[in-house]
């Protein structure tokens, strides 16, 4: 059953089951999907309201983007588990002869390659969601500002979680040119993540100072 078709409690039970998949990569993608859904929520609470008429078209488009990214990230959750299952299957291949050893090693490397690209895709989608959350927080319905921030935070958690999965799988690969290409993507995405986070926190650096009375 796909991640999108599961109840939350069933997905959490699978995570807790002590099996390799689903694991942190899937959880990261689901976290990003929740962020995307919150972006769609805030956009939906903004579009069509007279007070926000100036950003109506932007919010309509942002709601569509949020819904699209939710689906994409849930697919990333499935892809992550499928990729690592291939790694595990490769390790189970026979290794009695030199030919079998070579085939097994090739399959292991192919599996790790796919298991690296899958969370990298999650990172790319998470950045889109984080940018959407920034737009929602900056121009969306102020009554839903907290939802925009939670959307940003869950997408950011998904980004960071996916990054850990990229790193751990990349460390098992021997193809140096592939590793260099992935690291270049990671460097670019992390720079973009910092830019979005800086912009997000410049809007409201501290919720306590903004909304709560303190001594």
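Results, tabulated for the structure shown:
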| read-out | value |
| --- | --- |
| Flag if residue 173 is surrounded by 14 or more Cβ atoms within 10 Å (Cβ to Cβ), in contact (Cβ under 8 Å) with a residue 24 or more places away in the chain and not in a loop (DSSP other than H, G, I, E, B) | no |
| Any hit, the range 3-17, residues being in a loop (DSSP other than H, G, I, E, B) and crowded, with 20+ Cβ neighbours inside 10 Å | no |
| Filter result (within 26 Å of residue 168 (Cα to Cα), in contact (Cβ under 8 Å) with a residue 12 or more places away in the chain and loosely packed, with under 15 Cβ neighbours inside 10 Å) within the range 18-66 | 20 |
| Residue within the range 197-210 that is modelled with pLDDT of 95 or more, within 21 Å of residue 77 (Cα to Cα) and surrounded by 15 or more Cβ atoms within 10 Å (Cβ to Cβ) present | no |
| Test set (1) assigned to a loop (DSSP other than H, G, I, E, B); (2) modelled with pLDDT of 95 or more; (3) under 16 Å from the mean Cα position of the chain (by Cα) - residue 48 fails condition number | (3) |
| Residue in the range 107-128 that is closer than 10 Å to residue 39 by Cβ and within 14 Å of the chain's Cα centre (by Cα) present | yes |
| Tally of residues being over 20 Å from the mean Cα position of the chain (by Cα) and not in a loop (DSSP other than H, G, I, E, B) across the range 18-45 | 2 |
| Search result, residues across the range 138-151 that are over 11 Å from residue 32 (Cβ atoms) and in a helix (DSSP H, G or I) | 138, 139, 142, 143, 144, 145, 146, 147, 148, 149, 150 |
| For residue 102: the one exception among (1) closer than 30 Å to residue 194 by Cα; (2) over 14 Å from the mean Cα position of the chain (by Cα); (3) at pLDDT 95 or above | (1) |
| One residue from 162, 126, 135 being more than 24 Å from residue 25 (Cα to Cα), assigned to a helix (DSSP H, G or I) and touching a residue at least 60 places away in the same chain (Cβ under 8 Å) | 135 |
| Among (1) farther than 19 Å from residue 170 by Cα; (2) in contact with a helix residue (DSSP H, G or I) (Cβ under 7 Å, 6 or more places away or on another chain), the one test that residue 116 misses | (1) |
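Residue-by-condition table, conditions (1) under 25 Å from residue 57 (Cα atoms); (2) touching a helix residue (DSSP H, G or I) at 6+ places or on another chain (Cβ under 7 Å); (3) surrounded by fewer than 22 Cβ atoms within 10 Å (Cβ to Cβ):
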| site | (1), (2), (3) |
| --- | --- |
| 122 | no, yes, no |
| 125 | yes, yes, no |
| 136 | yes, yes, no |
| 147 | yes, yes, yes |
| 151 | yes, yes, no |
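Residues are listed down the side, and each one gets a yes or a no for (1) part of a helix (DSSP H, G or I); (2) in contact with a strand residue (DSSP E or B) (Cβ under 8 Å, 6 or more places away or on another chain); (3) under 16 Å from residue 119 (Cα atoms); (4) touching a residue at least 40 places away in the same chain (Cβ under 8 Å):
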| site | (1), (2), (3), (4) |
| --- | --- |
| 169 | yes, no, yes, yes |
| 186 | yes, no, yes, yes |
| 190 | yes, no, yes, no |
| 195 | yes, no, no, no |
| 198 | yes, no, no, no |
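The values are calculated or read from the model by the stated rules, or taken from the named source; none is laboratory data. Computed from a predicted structure; not experimentally measured. Every residue, glycine among them, receives a Cβ derived from its backbone with ideal geometry; neighbour counts consider all protein chains shown.
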